[in-house]
Every structure is written in C-alpha cells, then in structure tokens.
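One structure below.
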Amino acid sequence: MTTPSPHEPLYADRVYRSPMAVVTGVLLLAVIAWLCGDAVVRGEGTTRWVGLAIALLTVPLTVAFTVRPAVYANDDRMRVRNPFRVIVLPWGAVDAVRAGYSAEVLAEGSKYQLWSVPVSLRERKKVNRRLSRQDDAAAATTAGPERAAADQVVDELRELAERGAGRPGAQGAVTVRWAYEIIAPAVLGAVLLAVLLATG
C-alpha cells in the first residue's frame with residue numbers, strides 16, 4: 001500500500017453545479033435540435049443553412065450557460081468552469097470566498113464569479129425567517145444553523161481554502177484559460193447567420 005504524497009490531493013474533487021441549470025440546458029438543447037434539425041432536413045434553399053447557422057450559434061451558448069458551469073475543488077485547488085473561461089485557483093492564492101448577491105472568489109486582486117453556485121436571495125430570506133422563529137431551546141437542539149444552498153457551498157469552499165492554503169501542492173499563481181471550444185463555433189454561427197440574412 002503506497003502512502004500518498006503530501007503534494008497530491010488526498011481526496012477526489014468535489015463537484016458543485018446547479019441541477020436546475022443542467023435540466024434547463026438539456027431541455028433547451030432538445031428544442032434546438034428539434035427545430036433546427038427539422039429546418040435542415042425539410043427546409044429548402046437557404047432555410048437549411050439558416051437552421052444550421054442558428055444551431056451553430058445557439059448550441060454552444062446554451063451549453064455555456066447551463067450545462068458547462070461547474071466548480072471542482074480538492075485539497076490543493078479550485079477549478080472554476082464558467083461559460084467562457086476556466087480558472088484554476090490554488091488555495092494559497094485565494095484571498096476570500098464569499099456569497100453576497102452572487103458567489104465569488106477573490107484572488108490576486110481579481111474577482112471571479114462562480115456561475116454554477118447561484119445565489120437565491122428568496123431562499124436566504126426564507127431560511128432567515130425560519131431561524132428567527134425558532135426559540136432558544138429548539139435552536140440548541142439542532143445540529144447547526146440552517147443555511148441556504150449557495151451559502152452552504154461557499155462555507156465548504158471557504159473551509160477547504162483555509163485548510164489547504166498552507167499545503168505545498170496548494171501554492172502557485174491563478175491561471176485563466178478561454179474556452180475557445182465554446183467561443184469559436186458560436187462566433188462562426190453568428191457570422192454565418194449574419195451573412196445569410198444579409199444576402200437573403
């Protein structure tokens with residue numbers, strides 16, 4: 001049995017994403033496939049090309065804003081997959097993780113939003129109202145204070161950041177990579193659609 005290196009994460013990544021966004025994305029992709037597929041298969045003349053251009057534009061954007069966003073976190077770092085960027089943040093470079101009107105992480109003087117952790121002010125208010133109605137005796141018997149979903153995720157990420165900041169594997173600079181696999185087809189679809197509409 002091998003002993004894990006102190007430079008390697010001890011556990012697999014925790015994954016945070018919005019189930020509602022994923023479901024919405026899958027439904028929208030099904031609608032796009034149905035409408036654009038019908039235009040490509042049954043359409044005539046430029047209708048087929050317009051259907052193809054719309055699919056090329058809308059599919060990547062739908063994926064970008066619904067299915068794609070996720071946060072992966074382990075002992076050493078957090079990887080934030082937003083619609084058009086992937087940000088890798090070693091815990092040693094993270095200054096703060098917080099949730100106000102949106103969930104965000106601060107690092108090296110920059111602020112990065114966590115698209116996959118939507119903040120519901122309505123849910124937060126409901127939780128606060130329930131807590132305010134609890135009497136002292138009932139509150140004392142609970143395992144811990146109830147929190148809104150986004151606040152719970154931020155609490156977990158903050159705990160990981162505090163615990164992992166001093167690890168040798170958690171050092172380094174923040175890296176940002178643009179998601180050209182999303183941007184390129186969307187731009188191509190937009191250009192093709194503009195040309196077709198201008199010449200049609």
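The values are calculated or read from the model by the stated rules, or taken from the named source; none is laboratory data. Quick caveat, the model's predicted, so the values are computed rather than measured. Methodologically, a virtual Cβ is constructed for each residue, glycine included, from the backbone with ideal geometry; neighbour enumeration extends over all protein chains shown. Only protein heavy atoms, including side chains, enter the accessible area calculation; ligands, DNA and RNA are left aside. Shrake-Rupley method; radii C 1.70, N 1.55, O 1.52, S 1.80 Å.
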Just to verify a number: what accessible area does residue 159 come out at with the full protein assembly present, 1.4 Å probe, Å² rounded to tens? 100 Å²
Identify, among 49, 88, 72, the residue whose Cα sits farthest towards the positive end of the charge dipole of the range 43-123, taking +1 on the Cβ of Lys and Arg and -1 on the Cβ of Asp and Glu, with the dipole about the Cα centre. 49
What does the accessible area of residue 174 come to, in Å² to the nearest 10, when a probe of 1.4 Å is used? 20 Å²
Using a/c under 1.5 as the rounded threshold, could you call the range 42-129 rounded, prolate or oblate? The axes a ≥ b ≥ c are square roots of the C-alpha gyration tensor eigenvalues, and prolate needs a/b larger than b/c, oblate otherwise. oblate
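Using only the heavy atoms of the protein chains and a 1.4 Å probe, how would 26, 105 rank by accessible area, largest first? Show your work: numbers first, answer last.
Details: 26 85, 105 0 Å².
Result, largest first: 26, 105.
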Hey, what's the range 1-114 come to in accessible area per residue, 1.4 Å probe, Å²? 56 Å²
If amide H atoms are built 1.01 Å from N in the plane of the peptide, which residues on other chains or at least 5 residues away come under 5 Å of the amide H of residue 179? 85, 86
